[in-house]
Amino acid sequence: MVFTAHAAHLLTPDPAFLKFLWTGVDLFFVISGFVFAPLLLSGGFAIRPYAIRRVFRLYPLYLVSLPLYYLIAPESPDKLLYLLRHLVFLGTTSGAHEAFFFNPAYWSLPVEVEYYLLLPLLALIVAGRLWVVLALFGGFCVVRFGIVLGATSFASPDPNWLSILRVHLPGILIQFLIGVFVHVAHQHWSDSGRRLWPMLAGAGGFALWLSLGLFFARHGDPGISAHLWLKSYFSLLCAIGYGLMLFGLLGLLRGLDGRARRSAFFLGNLSYGVYLFHILVLRLYERSDLALPGVLAFIVCALAVLVLALLGHHLVEHPARTFGRRLASRYQPMQAPLHSRERAADSSLGSAQ
C-alpha cells in the first residue's frame, strides 16, 4: 500500500485516492500491536532474549539499506550527521528535512523501536488487566489531541517539540493499542466459534476506511488540517478501520490451507525489504533514462523492489534472525511461559512499514 502511494504518480496524473494508501503505515502499527499483545498482556517477560531478537530482526537489513540511500542522497553539510543520527533512530527528532533526507519511509522506524523499548514496562503496568489498556488508550487520546493542538508544522524549518512528539510514540501509541484490542476480541470470538460479529465488524471497518479514503481523495491534507478533530484523529480513525477489517478477516481466514499459509508467510517475509528498498528503486528509476509507459513503469519498479526484498531476506534477514534466535535462547529462563509467544511475534511481524 505504501509503495503504491509513493509510486501513484506513475499510474495516473491525479492519484487522489491512491495517495490515501499511505495509511498502510497505520495498518502496520495495528498489526504490530496485535502481534505483541500477548507480551503486553503477560505481566512481564524475559527482557534480554526479547531485546536480542528485536535487534537482529530490525537492524541487519536496515544497516544494509542505509548506506545505499547515503550514496544517492544529495550533498549536504549535515549529510554525515544525518547518517549517524539515523543509525540510532534519531532521524525524526529535528524535523521533516532530516527525517525524509535519505528515505521518507524511515520515519516510522523510530516509533516501532520506541514501542519495543516501552513494551516491557507496559507489560508490568498492564499486568494482564484490560481496563488498564483502556485507560492508557483514553489517556493517550487526550495526549494526542494536546500534541496536535500545540504542534507547529513538522515540515517547517524549526518545528516545536510538540511537532516532534506527534511523529513519535506519545502521538501514535493509541494505534498500537487498537491492535491489542483486536487481539483480545479475536481471542474471545475465536473461542466462541461465531463468525457473524467479526464479519459485521469487518464490513463496518471497510465502510469507515472507504469513507476516509473518499474524503481524502476529495479534500486531501488541507481538508484534514481544516478540522482540529480530524487533524488529531484521522490516523486513529484509519487504524480503527483497519483494526475492524483485521478482526473480520481473522474470523474468515481460520480455515486457510497449508499452501495459503505458506504464501502468506512468504509475502510477510518480504514486507520489511519492500518497506526499506521501494524508495531507493523509485529514485533510481526517476534518475534513469527510461521512459516507460506509466503502468509498465509501475510494474517494473514493483518487480525490482520484490527482487531486492527477496535477496535481502535470503542473504541478510533470515541468517541474522536465525543467529539472533540462537543467541537469545542462551538467555531464555527455564520454563519461561512466554518463550513460544516471543518466537511467534518474531516470526509473524514484518517489523516496520
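The values are calculated or read from the model by the stated rules, or taken from the named source; none is laboratory data. Treat the numbers as computed from the prediction; the structure is a model and nothing was measured. Note: ideal-geometry Cβ built from the backbone for every residue, glycine included; neighbour counts use all protein chains shown.
Could you check how many residues of the range 309-329 are farther than 28 Å from residue 47 by Cα and touching a Gly at 6+ places or on another chain (Cβ under 6 Å)? Give the derivation first.
Residues of the range 309-329 that are farther than 28 Å from residue 47 by Cα, as a first pass: 309-311.
Still in the list and also touching a Gly at 6+ places or on another chain (Cβ under 6 Å): 309.
The number of residues fulfilling the criteria is 1.
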Worksheet item: Does the range 65-91 hold any residues that are β-branched (Val, Ile, Thr) and either in contact with a Ser or Thr (Cβ under 6 Å, 6 or more places away or on another chain) or within 14 Å of residue 109 (Cβ to Cβ) (or both), and which are they?
Response: 88
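Matching residues to (1) at positive phi; (2) modelled with pLDDT of 90 or more; (3) not small (Gly, Ala, Ser):
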site	(1), (2), (3)
223	no, yes, no
242	no, yes, yes
245	no, yes, yes
248	no, yes, no
252	no, no, yes
257	no, no, yes
260	no, no, no
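Okay, residues lined up against (1) β-branched (Val, Ile, Thr); (2) surrounded by fewer than 20 Cβ atoms within 10 Å (Cβ to Cβ); (3) touching a residue at least 40 places away in the same chain (Cβ under 8 Å); (4) not in a helix (DSSP H, G or I):
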site: 86; (1), (2), (3), (4): no, no, no, no
site: 89; (1), (2), (3), (4): no, yes, no, yes
site: 102; (1), (2), (3), (4): no, no, no, yes
site: 109; (1), (2), (3), (4): no, no, yes, no
site: 144; (1), (2), (3), (4): no, no, yes, no
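So, in the range 22-43, of the ones that are of a type in the set (A, V, I, L, M, F, W, C) and in contact with a Phe, Trp or Tyr (Cβ under 7 Å, 6 or more places away or on another chain), which residue ends up farthest from residue 267 (Cα to Cα)? Talk me through it step by step, then tell me what you get.
From the range 22-43, those of a type in the set (A, V, I, L, M, F, W, C) are 22, 25, 27-31, 34-37, 39-41; that's our starting set.
Now drop any that are not in contact with a Phe, Trp or Tyr (Cβ under 7 Å, 6 or more places away or on another chain), which leaves 27, 29-30, 39.
Values: 27: 16, 29: 18, 30: 18, 39: 24 Å.
Applying the filter and picking the extreme gives 39.
Pull up the range 118-132, narrow it to residues that are under 20 Å from the mean Cα position of the chain (by Cα) and in contact (Cβ under 8 Å) with a residue 60 or more places away in the chain, then point me to the one that is surrounded by the fewest Cβ atoms within 10 Å (Cβ to Cβ).
Taking the range 118-132 first, the residues under 20 Å from the mean Cα position of the chain (by Cα) are 118-120, 122.
Filter once more, keeping what is in contact (Cβ under 8 Å) with a residue 60 or more places away in the chain: 119-120, 122.
Working: 119: 20, 120: 18, 122: 21.
The residue in question is 120.
Here's the yes/no breakdown for (1) over 30 Å from residue 149 (Cβ atoms); (2) in contact with a helix residue (DSSP H, G or I) (Cβ under 8 Å, 6 or more places away or on another chain); (3) part of a helix (DSSP H, G or I):
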position	(1), (2), (3)
187	yes, no, yes
212	no, yes, yes
224	no, yes, yes
244	no, yes, yes
270	yes, yes, yes
274	yes, yes, yes
279	yes, yes, yes
Worksheet item: In the range 35-47, is there at least one residue being touching a Gly at 6+ places or on another chain (Cβ under 6 Å), part of a helix (DSSP H, G or I) and buried (at least 18 other Cβ atoms within 10 Å of the Cβ)?
Response: no
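From the list 250, 230, which residue is surrounded by 13 or more Cβ atoms within 10 Å (Cβ to Cβ), part of a helix (DSSP H, G or I) and in contact with a His (Cβ under 6 Å, 6 or more places away or on another chain)?
Numbers: 230 fails: in contact with a His (Cβ under 6 Å, 6 or more places away or on another chain).
After applying the criteria, what remains is 250.
For the range 207-214, state whether one or more residues are surrounded by fewer than 15 Cβ atoms within 10 Å (Cβ to Cβ), in contact (Cβ under 8 Å) with a residue 40 or more places away in the chain and more than 23 Å from the chain's Cα centre (by Cα).
So in the range 207-214, the residues surrounded by fewer than 15 Cβ atoms within 10 Å (Cβ to Cβ) come out as 207, 210-211, 214.
Filter again for in contact (Cβ under 8 Å) with a residue 40 or more places away in the chain, leaving 214.
Applying the additional criterion that residues be more than 23 Å from the chain's Cα centre (by Cα) yields none.
No - not one qualifying residue is present in the range 207-214.
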Item to complete: Being aromatic (Phe, Trp, Tyr) and at pLDDT 95 or above is the filter; apply it to the range 162-199 and report the residue that is nearest to the chain's Cα centre (by Cα).
Response: 176
Worksheet item: Is it true that residue 320 is at pLDDT 95 or above, in a helix (DSSP H, G or I) and small (Gly, Ala, Ser)?
Response: yes
Discussion item. I'd like the residue in the range 117-132 that is more than 11 Å from residue 37 (Cβ to Cβ) and aliphatic (A, V, I, L, M) and, out of all such residues, is modelled with the lowest pLDDT.
Written reply: 127
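Can you tell me how many residues in the range 7-21 are in contact with a helix residue (DSSP H, G or I) (Cβ under 6 Å, 6 or more places away or on another chain) and either within 20 Å of residue 267 (Cβ to Cβ) or not in a helix (DSSP H, G or I) (or both)?
3
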Discussion item. Where the second residue is assigned to a loop (DSSP other than H, G, I, E, B) and the first is more than 15 Å from residue 234 (Cβ to Cβ) and lies in the range 12-30, which pairs have Cβ atoms under 6 Å and are six or more apart or on separate chains?
Written reply: 28/353
